[in-house]
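In what follows, a structure is listed as structure tokens, so that the remarks can point back to it.
The values are calculated or read from the model by the stated rules, or taken from the named source; none is laboratory data. Computed from a predicted structure; not experimentally measured. All Cβ positions, glycine included, derive from the backbone under ideal geometry; neighbour counts span all protein chains shown.
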Amino acid sequence: MADMTRERIGGLLARQGILIAFVAFMIVFALANPRFIAVDNILGVVRSTAILGVIALGVTFVVIGGNLDLSVGSMMSFSTIVVLDLHDKIGPALAIPAMFALTLGLGAFIGFLVGYLKLNSLIVTLGMLSAIHGLTLTWSGGKNMDIADKEGTWFSVFGQGSVLGLPVPILIFALLAVVLSLLLSRTPFGRKVYAVGGNGTAAVFSGIPRARVVFLTYLVSSGCVAVAGLLQASRSLGSQNTVGQGLELEVLAAVILGGASLLGGSGTVFKTVIGVLILGFIQNGLLLMGLAFYVQYVVTWVIIVLAVWLDVAAKRGRLLSPIA
Amino acid sequence: MTDVTPDKIVSPVKEDTPVALQRRKLIAQGAIWAFIVVELIFFSVAGEYLSVSDKAFMDFENMLLLLKQSAPIGIIALGMTIIMINGNIDLSVGATYALAAIVLLDSMTWPWMQALGDSAIPLAWGLALLTGMALGAINGLLVWKTGVDAFIVTLGSMLGFRGLVFMYNGEQPTSHLNWTLVDFAEARFLGLHTATWFLLGVALLLWLLMTRTVHGRNAYAIGNNREAAVNAGIRVGPHMMINFMIIGFLAALSAVVFYSESGSVNPNDGMLFELWAITAVVLGGTKLTGGYGSVVATLGGVIAIQLLRKGLGHIGADTQTVNLVIGLILIAVLFLDRQLNRKGKQELRT
């Protein structure tokens, strides 16, 4: 009997563990400081995580497809710098599509290498992390990029504007999450992404064009990076070359926290959003409790390891690994 | 559930004959040294026309300095090689490096340590190295006991260890300059710098470990096929744990060598070291999927990267070009490696 209960609790923890943890955190933080659940605080947190969140949405596709993308941080620096530079040269109306085209071009290149040439995604995107960083520095000449006329441009609307009291970055994040969630769960393409990530060989044998599907996941990812770059550029109207540095691993942390397996084939857009929000609210909650920003690193570490451990443990039916 | 890369092949791979394997190994090991020779020739010739300084690139002093400068990443990359041969990966080495550096410098300012005078130095070194080993042991134990993939465990501890670094001294740099230490770090024996000796010493010891001991042989076996290793009665967990402790120790050793001379550490130091180390290891031909690789070839990879940095600087290219070139070379190596290996294997993706 006791075993049954334990198993049931284990199963529940494994399936909905991330949601339970999320709710538990919110309650603890709210009790510690009532300001935590104030509307403006919650909006503030979501707004500040929107950039990371948008990228995480795209990386979710890549991870479900069974690959990794370590180049997203470096790519976001690139799109931010490019759109800021072109803003003054050809105007915002042309700069935005040009930046999207260039960023999607980079994504297509990675997708070609990983999808069609079947190269290992970790090393390809590691190489692209470095290469795109070089590209960004070459574009900017190593200098910070700033918009000359910061007051007189409508470009700032994406990062700073608000509609019906809701900040635009949140709206964009939410809209993108809904669209991509539908794309992943309601279309043939979405099902093919799961199939390719779950068992690539079986997918090929059932006639799924594996290379094209992988290629497209990288296009989705780079498209999301372009949106994030736009939000970042528009919010600050000026940027360093390294604005996205280190973001790739934070994004992966959020995606893994959401329960996507690095082996591919599992995960959802909704869960990734939860993962992103957890990271954001933990950071905010700890700050409101008067703790320094770096305490969140340690807390995030514990949470990631615990979350994945519980997930793995529930699947094998025992807590500790059977490895001798 | 155990492989590092999600892209691991599902279908069984035809094994090579020993002779073919031996030949491939020779080609793979030779390739990185051939690349180094090409770099040397290219930069020497190009330097004649493009260099801003009139000093030759192949200057002996310049080359010795190059070895010294490749030591910090190099020592870590050597450790990363045995982790990757073992079929794991360690993303937390940069944070381990920073934490060990802080322990090294801060411990020398403790009153009872200062009372010891210069004999506090070996104690401070020991503390820093112990810190590194302890952090490595945490990683190893988690990978072993939880069964969570090393990529995820060390991604988490990369954040966690970095948090510990910040908690130690906030956002302030930690500084302590000990002149005896500086003298030691700047000393030269038989022309080579102290850091170079450490790099070469570590390479030699790890080479012996991986080619001449049971632990090394088992590490290859585990990386090659973990199931088979388990069935053969190899205790997989302890071997992985030892390797994680070794890389923790080496990350700390790298910090000890570097910060003995510089005497000041920022909480952000060591960031992205893991990526540079992995790049050097992959350039050396070690496989991400485990079971294949060489410590000596990694040393070649480390030198090749440093040569590229220095060489591009020598012919007047900006730092940004270095990143671009290294990234593209990494991808090219991956592509060539696959083309070379294709003949013998049905389908290989690493």
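Annotations
- Test: A:Val243 is among the β-branched types (Val, Ile, Thr) and either within 14 Å of chain B (Cβ to nearest Cβ) or under 28 Å from B:Gln320 (Cβ atoms) (or both): yes
- Residue that is farthest from A:Thr242 (Cα to Cα) [pool: residues in segment A:23-76 that are touching a strand residue (DSSP E or B) at 6+ places or on another chain (Cβ under 9 Å) and among the hydrophobic types (A, V, I, L, M, F, W, C)]: A:Leu43
- Some residue of segment B:114-135 being buried (at least 18 other Cβ atoms within 10 Å of the Cβ), modelled with pLDDT of 90 or more and facing chain A (nearest Cβ under 9 Å): no
- Unmet criterion (only one of (1) surrounded by fewer than 21 Cβ atoms within 10 Å (Cβ to Cβ); (2) within 17 Å of A:Leu279 (Cα to Cα); (3) not hydroxyl-bearing (Ser, Thr, Tyr)) for A:Leu57: (1)
- Any hit, segment A:89-111, residues being of a type in the set (Val, Ile, Thr), over 18 Å from the mean Cα position of the chain (by Cα) and under 15 Å from A:Leu231 (Cβ atoms): yes
- Residue within segment B:271-280 that is over 16 Å from the mean Cα position of the chain (by Cα) and either more than 11 Å from chain A (Cβ to nearest Cβ) or at pLDDT 85 or above (or both) present: no
- Checked against (1) closer than 22 Å to A:Ala254 by Cα; (2) in contact (Cβ under 8 Å) with a residue 24 or more places away in the chain, A:Asp146 passes all but a single condition, namely (1).
- Cβ pairs under 7 Å, 6+ apart, first in segment B:289-318 and closer than 20 Å to B:Leu65 by Cα, second crowded, with 23+ Cβ neighbours inside 10 Å and of a type in the set (S, T, N, Q): B:Thr298/B:Thr81; B:Thr298/B:Thr286; B:Val302/B:Ser70; B:Ile303/B:Ser70; B:Ile305/B:Thr279; B:Gln306/B:Ser70
- When A:Asn41, A:Asn33, A:Asn67 are checked against the criterion of being polar (S, T, N, Q) and modelled with pLDDT under 85, a single residue qualifies: A:Asn33.
- The residues listed here are B:Asp318, B:Asp269; of these, the one that is among the charged types (D, E, K, R) and closer than 23 Å to B:Ile41 by Cα is B:Asp318.
- Residue within segment B:179-190 that is more than 14 Å from chain A (Cβ to nearest Cβ) and either modelled with pLDDT of 90 or more or surrounded by 16 or more Cβ atoms within 10 Å (Cβ to Cβ) (or both) present: yes
- Out of B:Ala252, B:Ala232, B:Ala228, one residue alone is crowded, with 20+ Cβ neighbours inside 10 Å and out of contact with any strand residue (DSSP E or B) (no Cβ under 7 Å at 6 or more places or on another chain). It is B:Ala252.
- Of note, A:Gly280 does not satisfy the criterion of being touching a Ser or Thr at 6+ places or on another chain (Cβ under 8 Å) and either buried (at least 23 other Cβ atoms within 10 Å of the Cβ) or among the polar types (S, T, N, Q) (or both).
- Identity of the residue in segment B:310-319, at pLDDT below 80 and within 11 Å of another protein chain (Cβ to nearest Cβ), that ends up surrounded by the fewest Cβ atoms within 10 Å (Cβ to Cβ): B:Thr319
- Hits in segment A:149-174 - residues which are more than 20 Å from A:Asp88 (Cβ to Cβ), surrounded by fewer than 15 Cβ atoms within 10 Å (Cβ to Cβ) and in contact (Cβ under 8 Å) with a residue 12 or more places away in the chain: A:Leu166
- Extreme residue, nearest to A:Val220 (Cα to Cα), among residues of segment A:60-72 that are within 13 Å of chain B (Cβ to nearest Cβ) and assigned to a helix (DSSP H, G or I): A:Val62
- Helices (runs of 4 or more DSSP H) enclosed by segment B:108-222 - at least 3 residues per element that are more than 22 Å from B:Met271 (Cα to Cα) and touching a strand residue (DSSP E or B) at 6+ places or on another chain (Cβ under 8 Å): B:194-212
- With respect to the stated conditions, B:Val333 fails to be more than 14 Å from chain A (Cβ to nearest Cβ), part of a helix (DSSP H, G or I) and under 30 Å from B:Leu208 (Cα atoms).
- Check on A:Ala202, touching a residue at least 60 places away in the same chain (Cβ under 8 Å), surrounded by fewer than 24 Cβ atoms within 10 Å (Cβ to Cβ) and on the phi < 0 side of the Ramachandran plot: no
- Scanning segment A:281-315 for residues that are more than 12 Å from chain B (Cβ to nearest Cβ) and under 22 Å from the mean Cα position of the chain (by Cα) yields A:Phe281, A:Asn284, A:Gly285.
Yes/no matrix, rows are residues, columns are (1) small (Gly, Ala, Ser); (2) within 13 Å of chain A (Cβ to nearest Cβ):
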position: B:Ala252; (1), (2): yes, no
position: B:Val257; (1), (2): no, no
position: B:Glu261; (1), (2): no, no
position: B:Asn268; (1), (2): no, yes
position: B:Leu283; (1), (2): no, yes
position: B:Leu308; (1), (2): no, yes
position: B:Thr321; (1), (2): no, yes
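- Scanning segment A:45-63 turns up at least one residue that is farther than 22 Å from A:Ile170 by Cβ and at pLDDT 80 or above.
- Segment A:130-147: number of residues that are more than 7 Å from chain B (Cβ to nearest Cβ) and either among the basic types (Lys, Arg) or buried (at least 23 other Cβ atoms within 10 Å of the Cβ) (or both): 4
- Filtered by the rule that a residue be farther than 12 Å from B:Asp90 by Cβ and either facing chain A (nearest Cβ under 7 Å) or surrounded by fewer than 24 Cβ atoms within 10 Å (Cβ to Cβ) (or both), segment B:157-168 gives B:Leu159, B:Gly160, B:Arg162, B:Gly163, B:Leu164, B:Phe166, B:Met167, B:Tyr168.
- Unmet criterion (only one of (1) under 21 Å from the mean Cα position of the chain (by Cα); (2) within 14 Å of chain A (Cβ to nearest Cβ); (3) modelled with pLDDT of 90 or more) for B:Trp197: (2)
- Residue in segment A:86-108 that is among the small types (Gly, Ala, Ser), over 20 Å from B:Leu272 (Cβ atoms) and crowded, with 24+ Cβ neighbours inside 10 Å present: yes
- The residue pairs whose first member lies in segment B:184-211 and is without any contact (Cβ under 8 Å) to a residue 12 or more places away in the chain, whose second member is loosely packed, with under 13 Cβ neighbours inside 10 Å and in a strand (DSSP E or B), and whose beta carbons are closer than 7 Å, counting only pairs six or more residues apart or on different chains, are B:Trp197/B:Phe189.
- When segment B:72-99 is limited to residues that are small (Gly, Ala, Ser) and out of contact with any Phe, Trp or Tyr (no Cβ under 6 Å at 6 or more places or on another chain), the one that is modelled with the lowest pLDDT turns out to be B:Gly87.
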